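Q: Below is one structure. I have some questions about it.
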Amino acid sequence: MDATILIALLLALLVGVSLGLLGGGGSILTVPILTYVLGMPPQEAIAASLFVVGVTSAVSVFSHARTGRVRWKTGLIFGAAGMVGAFIGGFVGGFIPGAILMVLFAVMMVATATAMIRGRKKTSSRDRPEGLPLTRIILDGALVGVATGLVGAGGGFLIVPALTLLGGLPMAVAIGTSLLVIAMKSAAGLGGYLFTVQLQWPIVLAFTGAAVAGSFFGTMLTGKIPENTLRKGFGIFVLVMGVFVLTQEIPQLFTLLGST
């Protein structure tokens, strides 16, 4: 096996662990791996990441559901709204130059990392809304869907806080439910991209298999590692990755703008 592909598959295990453990972070890791390790063009890497993350999340949902950590009604409502936004974002993303997509992706990484490092504001049960704020959840779902479909990132780490604050779900349940939403949005975003992008299916399927394997391990670790330590550590890692992507892509963006 080619050493580059082997490295990518080992990194795919980390993608799965992130999704199973945190309910997010899949595309934030997958897109740079596919772009800089396997050399895929940005649009293809984003489309492939949507498939990888979607399948891995769908598998992980059932692992969480067996322990009661999925709220199906809330997830299906949020996910349905997200699918509309993700399809639009995926379709539009196929027509945007790769350098612009990667800069947008890196900005999403930095914003996500900053939110993770800072942490969420603690809320008591009295601060959470009574019942299900349907209109707000649909709106937030659609907006998160557009972001996910366009750059293939920002799903889980935006969904989990939304489900916690808007739906009043406990953290562990929000993580499990977010995986249902991610699977639905990823399918729609991929559908939008496939109008303009063709995937290297053997590589994508191998990467997906490794990520699914990692997700089982991540699910087993849920609740066993202190949340603050995990979140901040991963946030710092994502921040470093985001800065790296920016340093790689901004010169190309200036070149692109200078040639127009």
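The values are calculated or read from the model by the stated rules, or taken from the named source; none is laboratory data. None of the values given here were measured: they were computed from a predicted structure. Cβ atoms come from the backbone with ideal geometry, glycine included; neighbour counts cover every protein chain shown.
Q: How many residues does segment 188-227 hold that are of a type in the set (K, R) and in contact (Cβ under 8 Å) with a residue 12 or more places away in the chain?
A: Here is the first cut: in segment 188-227, the residues of a type in the set (K, R) are 224.
From the residues that got through so far, the ones that are in contact (Cβ under 8 Å) with a residue 12 or more places away in the chain too are none.
Adding up the residues that qualify gives 0.
Q: When the residues of segment 188-208 are filtered to those that are surrounded by 21 or more Cβ atoms within 10 Å (Cβ to Cβ) and small (G, A, S), which remaining residue is farthest from G89 (Cα to Cα)?
A: A188
Q: Any idea which of (1) surrounded by 16 or more Cβ atoms within 10 Å (Cβ to Cβ); (2) farther than 16 Å from I33 by Cβ is the one A211 doesn't satisfy?
A: Of the numbered conditions (1) surrounded by 16 or more Cβ atoms within 10 Å (Cβ to Cβ); (2) farther than 16 Å from I33 by Cβ, the odd one out for A211 is (2).
Q: Hey, can you tell me all the residues within segment 47-100 that are over 17 Å from S178 (Cβ atoms), surrounded by 24 or more Cβ atoms within 10 Å (Cβ to Cβ) and aliphatic (A, V, I, L, M)?
A: A47, A48
Q: I'd like the full set of residues that are at pLDDT below 90 and buried (at least 24 other Cβ atoms within 10 Å of the Cβ), limited to segment 4-21.
A: V15, G16, S18, L19, G20, L21
Q: Regarding S186, is this residue of a type in the set (S, T, N, Q) and modelled with pLDDT under 85? Please lay out each step first, then the result.
A: Working: of a type in the set (S, T, N, Q): yes; modelled with pLDDT under 85: no.
When the stated conditions are applied, S186 does not pass them.
Q: Residues in segment 95-144 that are part of a loop (DSSP other than H, G, I, E, B), over 20 Å from the mean Cα position of the chain (by Cα) and modelled with pLDDT under 85: how many?
A: Qualifying residue count for the region: 13.
Q: Still on this structure, I have one more. Going residue by residue through segment 168-184, is there one that turns out to be more than 22 Å from S60 (Cβ to Cβ) and either hydrophobic (A, V, I, L, M, F, W, C) or out of contact with any Asp or Glu (no Cβ under 7 Å at 6 or more places or on another chain) (or both)?
A: Filtering segment 168-184 for residues more than 22 Å from S60 (Cβ to Cβ) gives 168.
If we keep only those that are either hydrophobic (A, V, I, L, M, F, W, C) or out of contact with any Asp or Glu (no Cβ under 7 Å at 6 or more places or on another chain) (or both) too, we end up with 168.
Taking every residue of segment 168-184 in turn, at least one turns out to be more than 22 Å from S60 (Cβ to Cβ) and either hydrophobic (A, V, I, L, M, F, W, C) or out of contact with any Asp or Glu (no Cβ under 7 Å at 6 or more places or on another chain) (or both).
Q: While we're here: Within segment 60-78, count every residue that is at pLDDT 90 or above and farther than 22 Å from F216 by Cβ.
A: Total meeting the criteria: 1.
Q: With respect to the numbered conditions (1) in contact with a helix residue (DSSP H, G or I) (Cβ under 6 Å, 6 or more places away or on another chain); (2) farther than 25 Å from L38 by Cβ; (3) modelled with pLDDT of 85 or more; (4) of a type outside the set (D, E, K, R), which one is the sole condition not fulfilled by V173?
A: V173 satisfies all of (1) in contact with a helix residue (DSSP H, G or I) (Cβ under 6 Å, 6 or more places away or on another chain); (2) farther than 25 Å from L38 by Cβ; (3) modelled with pLDDT of 85 or more; (4) of a type outside the set (D, E, K, R) except (1).
Q: Whether any residue in segment 190-201 is modelled with pLDDT of 85 or more, within 21 Å of V107 (Cβ to Cβ) and touching a Phe, Trp or Tyr at 6+ places or on another chain (Cβ under 7 Å) is what I want to check.
A: Start the filter on segment 190-201 by keeping residues that are modelled with pLDDT of 85 or more, which leaves 190-201.
Narrowing the set further to residues that are within 21 Å of V107 (Cβ to Cβ) leaves 192-193.
Among the residues that remain, those that are also touching a Phe, Trp or Tyr at 6+ places or on another chain (Cβ under 7 Å) are: 192.
The answer is yes, given that some residue of segment 190-201 is modelled with pLDDT of 85 or more, within 21 Å of V107 (Cβ to Cβ) and touching a Phe, Trp or Tyr at 6+ places or on another chain (Cβ under 7 Å).
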